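Only the coordinates and a few stated rules stand behind these numbers; no lab work does. Computed from a predicted structure; not experimentally measured. Because the Cβ atoms are built from the backbone with ideal geometry, glycine has one as well, and the counts that use them run over all protein chains shown.
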Amino acid sequence: MKLTTKIQKTNYSKLLAACNIANLNKEETAVLLGNAWVETQFSFYRENLNYSQIGLVRTWPSRFKMRPELAEELAHRPIAIANTVYANKLGNGDKATNDGWTYRGLGPMQITGAVTYKNVYQMHVLMYKAGLTTAAYPTSPRLYSAANHAEVTAIAYWLAYVRSPKWQVSAITDIENTDNIRSLCYKINKGGLKMDERVATTLAVYSII
């Protein structure tokens with residue numbers, strides 16, 4: 001099955017509509033949707049973290065490969081896993097704060113960590129006041145939910161981290177230049193994971209929106 005056909009069979013209409021309301025151009029929208037496809041395929045909007053012992057070792061080898069007993073203890077305990085692997089990073093507190101679980105991956109772009117949630121929240125407030133989203137913001141970033149805020153968190157992340165002046169990245173206009181696509185994808189996934197897939201999906205999305 002062609003990639004474009006696979007994408008067309010998914011429900012990306014809400015995210016596309018959110019991009020249009022936020023005045024993202026076609027190129028930006030293609031990059032955002034392309035990366036969202038790689039991250040979640042527009043379906044799993046809240047990080048599950050229900051890993052088996054083997055899954056923990058494969059996903060976080062540096063943490064669990066030499067500690068199989070810890071992986072065995074945490075297996076299929078999503079809250080405990082989140083509070084272990086995300087503790088004391090991305091602005092989160094230690095295990096006792098429950099920040100790892102509260103600020104686990106959310107939305108099409110899987111925003112993760114207290115600092116990211118805070119920055120996305122601040123952008124969401126600005127977007128709402130400027131009429132760039134119809135999704136009302138909660139009283140706190142801790143109250144973000146997949147049901148009500150999935151799409152807007154993706155747009156707010158784009159505006160805060162990808163198009164932000166601090167990165168000096170503006171909207172791309174030459175979609176055929178894959179270097180342009182890659183430069184934006186690296187702002188979304190700094191490790192460059194699945195980069196070829198991100199580029200291919202971006203081009204596929206561009207051809208159908």
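Some observations on this one:
- Overall size of the chain from C-alpha positions, given as principal axis extents largest first: 50, 42, 32 Å.
- Candidate cross-link partners of Lys26 among the aspartates and glutamates, defined by an alpha-carbon separation under 18 Å and a same-chain spacing of 8 or more, comprise Glu151, Asp174, Glu176, Asp179.
- Region 114-168 and region 1-27 have their alpha-carbon centroids 19 Å apart.
- Rg and Dmax of region 53-102, based on Cα coordinates, read 10.5, 28 Å.
- Computed magnitude of the charge dipole of region 100-209 (debye, nearest 20; Cβ of K, R +1, Cβ of D, E -1): 500
- Reach of Lys194 by Cα under 12 Å, taken over aspartates and glutamates that are not fewer than 8 positions away in the same chain: Glu39
- Cα gyration tensor, region 88-209 - rounded (a/c under 1.5), prolate or oblate: prolate
- Within straight-line reach of Lys65, meaning a Cα separation under 16 Å, there are no lysines at least 8 residues removed in sequence or on another chain.
- Dipole axis of the chain (+1 Lys, Arg; -1 Asp, Glu on Cβ), positive-most option in Gly105, Tyr86, Met123: Tyr86
- CD proxy at 222 nm, helix term only [per DSSP H run n ≥ 4: -39500 (n - 2.57); per residue of the chain; nearest 500]: -15000 deg cm²/dmol
- Pairs of lysine residues in region 89-168 that meet both criteria, 8 or more places apart or on different chains and Cα atoms under 21 Å apart, total 4.
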